[in-house]
Every structure is written in C-alpha cells, then in structure tokens.
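Single-structure report; data block below.
We did not get these values from a lab; they are worked out from the coordinates using the rules stated. Every value quoted in this text rests on a predicted model; they were computed, and no experiment measured them. Cβ coordinates were reconstructed from backbone atoms using ideal geometry, including for glycine residues, and neighbour counts include every protein chain displayed.
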Amino acid sequence: MAQAVEQALEEKRHLIVEAGTGTGKTLAYLVPIIRSGRRVIISTGTRNLQEQLFYKDVPALERAFFPDGEGKLSVCYMKGRNNYLCRKKLYDLTGQPVLSGLEEIEHYRAIAAWEKTTLSGDRAELASIPEVSALWSKLDARADSCIGQKCSSWENCFITEMHRRAMESDIIIVNHHLFFADLAIKQQAEYAPDAGILPEVGAVIFDEAHELEDVAGSYFGVSVSNSRVEELCRDVEASLQRNRMLSAALSGALKSLRDRSAFFFALLPQGEGRFAFENRRDFLEENGEEFLALRQSLQRLEAELAGLPSKPDEVFNFVRRSQELQFQLGFLMESEDPNTVFWIERRRGGRERQNVFLQATPIDVAPILKTCLFDKLECAVLTSATMAVGGAFDYLRRRLGLDHARELILPSHFDYENQALFYVPPDLPDPRTPQFTAQAADRIRRLLEITRGRAFVLFTSYAQMNEVYQRLLGELEFPMLLQGDAPRNALLEEFRLTPHAVLFATSSFWQGVDVQGEQLSCVIIDRLPFAVPSDPVVAARVRAIDAAGGNAFFQYQVPAAVITLKQGFGRLIRSLHDRGLLALLDNRILKKQYGRVFIESLPDYRRTTDLRQVEEFFEVK
C-alpha cells in the first residue's frame, strides 16, 4: 500500500485502496507522505482517528525518521470552527452577561478562567462543560458570526492561530466535515471571502473514504431554520445593546422578523423527523404572502442596519447574514433544480421548542466533486477497510465522480476463517413481518447465553433497539447498556470495564469503535442495513437512478447496505488474537438473489446456519 501511495504522489494520479482492518493503513500513507516532502491534507472520518494520527502515529514515525532528534515534522490538527472558543464573544459577554440559570453562570466562569491559560481554545480541554451546552453555542467560533480581520481579537484569535499553523505545516490533519465545509465555503467565496481556513495543497488523503458521499452532500446543500433566524436576531440585539445603538425602529424590525419567522415555519407541512417537501409550489400558492412577509422582514432589518450612522464592524456581518438568508430561502422555496431534493426536518430544541429545518441536498454529488475536487487536485488517495462491493470499486467511483484512478484491494492478515464464525439463523421470519421482533429477541437471548454476554447488539432503528432491549430486560443475567443512556464515549468505556456486558446500539456504533480482546466476543446485527427507503434523500437518489434507466436497488441500495454491513461486522476482529461470533438475524442473505453480493463482499468468515456449531465454537479454547 505504501508503494502504491508513493507512486500516486509521484505520478500525480488518484488512488483508491481498500486495506483490511489491522493492516496499518495510516503508516502505509504516512511514510510516503513524509518521504515526499510535500504539503498534504489528511482528512479522516472520525475525531478518534485524527487524535490517533496526531498523538500516536506521526510522533512514532518522527522518532523513526529522526532518531537523533535533529529533524522535526511540521504537523497541525484542525477541527471544525464550533470546537473553538471565540474570544470576542466571551469578552462581549463579560461586559454584559446574558446568562440563564445557575448552571450557565458556572459554565461561564469555568470558560472565562480556562480562556486565560489555554493555548488552543479547543473545547475538548474543558471536561467540566457537558457535550450539549447552551452556553458554548453562544461562544463558539462558527463562521456565521465571524467578522474576520475587522475583529478586535483577530490577532490573538484561536482560528487565526490555527490558520497560521496550517499555512506553516507540511501535514494538516482534519476531518471530512471540516474539509467539505471549507470546500463549500470556497465555492461560495462571494458570500464569505475570508471563511476558508485550509491552505491549498496538491494532495489529499481521505481515510474512512466510504463516508465521503454523505458528508459532501450535506455541505453542498442549503439549510435554513427558525433557529438560524433567531440566532441572527439575538446577535443583532446583543451587539446593538452593547454599543447603545438599539433604536425603536431596529427593535421593531427585530420583533417583526421574529414574528414572521415563527409564523412561516409553523405553516410548513407537519411530520416527524425527515420528510420530503414535494408540494412547495402548492404551499407557495396558499402561503405566498407569509413567505414574502418573512423575506421583507429580513430586508427591513437589513435596511435599518444599513442606515445606522456609525456602524460597529459586526453590523456588516449581520447585513451579509440577512442577505444570505433571503437568497437561500428563495432557492429553497422557488428553485426547480432537477439535481436537488427539497425536504424538511423537525428536531426537538430546548425548552419544548421545535427546531424546523428547510433543507436542499444534491441528489448526485458526483459532478460537483469531479469539478470542485478531483479535477483540481493533483493526487487524491481514498482508503478504507470497506469500499469494495463484490471485489470492485464501481459503486464508489460512480457515486463520487472519480473517473481516472488506480485501484488496489489488499486483504487483512487476520485468519478470519478460524477467528470468526458467521451465523445466520435459517428459521427466523422475514424482518419486515410483525412476528420478527419477538423471535429475534429470543434468538439474541440464546446467543448471548452461549457467548456469556461480551457483545454488541446492533440495530437499524431506534424503535427495534428499544423494543428488543425491553423484552430482554430482566431475562439476561449480564449487564445491559443502552445507547442514549449516557454519552457515546462513556458507554464505550463502561462496556470495556464491565465484565460480560452487552451493549444495545444503533448506527453511531457501527463504525469508528475499537474494542479489542475477549471483552467483545460477539456482534449481532438485527437485519441487512438497507437505508430507510422513505428518507427524502435516499428516495430522490433511487428515483433519479431509475429514471436514468438504471436499477437503483442493485446500483445504489444494495452496495450502500453492503458497505454498512462490512462496517458493523468490522467491530469484532480488531487484532490477531480476537475471536468471536458474527450473527445476522436476517436470512434474506441466504434466500434472495442479492444476498450473494453481501456474502461475496465479506471476508472469508467460517459460515454456519446451525446453532450447535455456535455452541461448539465457544467450547473450543
């Protein structure tokens, strides 16, 4: 793999390389990067991998390349802007604190004390502040409220410092979210010319590259919400009060905008979670006046701000944000772009408030990525343990618009045939029938008795997870952990430290989780992980492929599910000494024509449909 990466860098060619778990992918691309002497961005799927690269892998190679300590690699590690403190916001709040409740006051004091000593401004250093903190969202350095070089704290800003470090570094470690947020901002340079923080490079390594389509789609789309309008109102109000410039006219403009926004978002079609907004034209015919009233309220605020006699620097930023909201609302409600799916998402906010998001997502990101990324880059290396479907990369290349790339598949050195047993029960009903859940819960109980717990039980839906968990509560003698009862990292730590524990979880535990040794000896998956067909983005992609004469089920739905299943099963065998059971309770993999694609894409696990063989596997020491 290292030779293939070196060749790709030298020849300025793109490379797709799948390398099995445990083969040392990070070392295989780091060594040729260091030898090349070129500036390279490494983009990863998870923060855990970023930390592993920065704190473990790069220092180990640094010691190997420069044993006498004479040379040194120039490396920086960057997260999304909302992970960093905005000093200006903190100082502004100091002069005029708007804090709600004792908890926020405590958090504020902790952050204010920490700001005096921190060198990075990275909230990960603040163990005392919970993951979901209302105060942090008022103080983070997100691009929306950044006024760039006009800011009084520009010189000692944590984002400025991070940007400086990136410009001086040879290896820049980011995650996919930051990479594509930055790329999207650069595409919209007319709105935010100073917002891009990543330097130009010739080569990018995408680790965990199976995630690229979904992440890229979210950043090349458009999103407007009632909470985003409220944040603009709140920021304008706080700034003008601080500068003693909040006139009656401006107060009236803000009240009007809040009222119009609340009314408009309340009128949007009702529904749970994510759902398509297919009747936008009908909606506008009925509610066009309310839509125009919201845009006019934004224009009124913009005019009042523009008319201020002397303007604090952030006022120009408020005007830009107002214009951006007007433009994006227009696109969301009126655009007829055939490569865009329009949809609505409703999420629970704090204090019984519902956040409503109007969304537009590209149906096919391939042409965007081809033009904006792969045609401009000299060399992109895409790697993961799970990208090939049926031994080929056709699916990935088609979805990402990657035409001319070398390809390489490298198997893991694990002895899967002896280390893992893959069990599919032939007698369970189809997972789509009402009888499935009760019988699946019984089979899970039996399997956990054989394995003595020590298992992940992974589900494709929260409802199924909760129902099976409730059915087994009191029936199992092993400690049972449930996703949602504690933060993800806390649950994982508890699982590692609790003998014979069983963790019930959904999508966020299917990848990026590493538990080695006997503590994890079994992974049970309830059904083949097909994406929810009613999801608006999935449904739009299916329709587009079928309309173009393709077969969306075999070209899109099956390959996507294959990659997800490979990820889920990949939790089990993480080292040469791991050993255990993989169970899939969905026997469509044996009975349906498409099941062969799944089986051919998985490693060479020993396979069985006989529960007695599972018992024998765990009797062998």
For the chain, longest principal axis from Cα atoms; helix 226-242 axis from its Cα atoms; angle between them, nearest 10 degrees, is 40
In segment 396-486, the trypsin sites (Lys or Arg not before Pro) that fall in loop regions by DSSP, at most 10 other Cβ within 10 Å
Arg432
Provide the packing ranking of 535-546, 590-601, i.e. peptides ordered by the mean count of other C-beta atoms within 10 Å per residue, highest first.
535-546, 590-601
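Under 14 Å from the Cβ of Leu15, count the other residues' Cβ atoms, weight Lys and Arg +1, Asp and Glu -1, and hand me the total.
Spelling it out: positives minus negatives among the neighbours equals -3.
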Percent of all Cα-Cα pairs per 10 Å bin for segment 1-101, counting from 0 up to the last occupied bin, reads 12, 35, 26, 13, 10, 6
List the lysines whose Cα sits under 30 Å from the Cα of Lys116, skipping any in the same chain fewer than 8 residues away.
Lys56, Lys72, Lys79, Lys88, Lys89, Lys138, Lys150, Lys311
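Among 56-66, 235-245, 174-184, how do they line up from the highest to the lowest mean number of other beta-carbon atoms within 10 Å?
174-184, 235-245, 56-66
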Compute the separation of the alpha-carbon centres of segment 58-75 and segment 512-544 and state it in Å as a whole number.
39
Percentage, to the nearest whole number, of Cα pairs in the chain over 41 Å apart
32
Averaging sequence separations of C-alpha pairs under 8 Å and six or more residues apart, then dividing by the length of segment 430-540, give the relative contact order as a whole percent.
36
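Roughly how big is the chain's charge dipole about its Cα centre, with Cβ charges of +1 (Lys, Arg) and -1 (Asp, Glu), in debye to the nearest 20?
On the way: 74 positive and 85 negative charges, 70 e Å.
Magnitude of the dipole: close to 340 debye.
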For segment 247-334, what relative contact order do you get, as a whole percent, if you take Cα pairs closer than 8 Å and at least 6 residues apart?
38
Relative to the longest principal axis of the C-alpha atoms of the chain, give the angle of the C-alpha long axis of helix 536-547, reported between 0 and 90° and rounded to the nearest 10°.
70
Mind listing the long-range amide H neighbours of Thr340? Cut-off is under 5 Å, sequence gap 5 or more, other chains count too, H placed in the peptide plane at 1.01 Å from N.
Ile363
Around Tyr84, what is the net charge, scoring Lys/Arg as +1 and Asp/Glu as -1 over all other residues with Cβ under 10 Å from its Cβ?
+2
For segment 38-55 and segment 425-497, compute the distance between their C-alpha centroids and round to whole Å.
33
Lys and Arg at +1, Asp and Glu at -1: neighbours of Asp170 with Cβ under 13 Å from its Cβ sum to +3
C-alpha center-to-center spacing [segment 121-163, segment 214-253] in angstrom
17
For the chain, the longest principal axis of the Cα atoms and the Cα long axis of helix 158-168 enclose an angle in degrees, to the nearest 10, of 60
So which GluC sites (Glu not before Pro) in segment 264-313 are both in a DSSP loop and have at most 13 other Cβ atoms within 10 Å of their Cβ?
Glu272
Report ³J(HN,Hα) in whole Hz for each residue of segment 572-584, in order, from the Karplus equation J = 6.51 cos²θ - 1.76 cosθ + 1.60 where θ = phi - 60°; Gly and Pro get x.
7, 9, 10, 8, 5, 9, 5, 8, x, 10, 10, 10, 10
State, as an integer percentage, the relative contact order of the chain based on alpha-carbon contacts under 8 Å between residues 6 or more apart.
17
In debye to the nearest 20, how big a dipole does segment 1-122 give about its Cα centre with +1 on each Lys and Arg Cβ and -1 on each Asp and Glu Cβ?
320
If you keep only loop residues by DSSP, which GluC sites (Glu not before Pro) in segment 414-500 have at most 15 other Cβ atoms within 10 Å of their Cβ?
Glu475, Glu477
Report the charge-dipole magnitude of segment 104-181 in Debye, nearest 20, computed about the Cα centre from +1 at each Lys and Arg Cβ and -1 at each Asp and Glu Cβ.
180
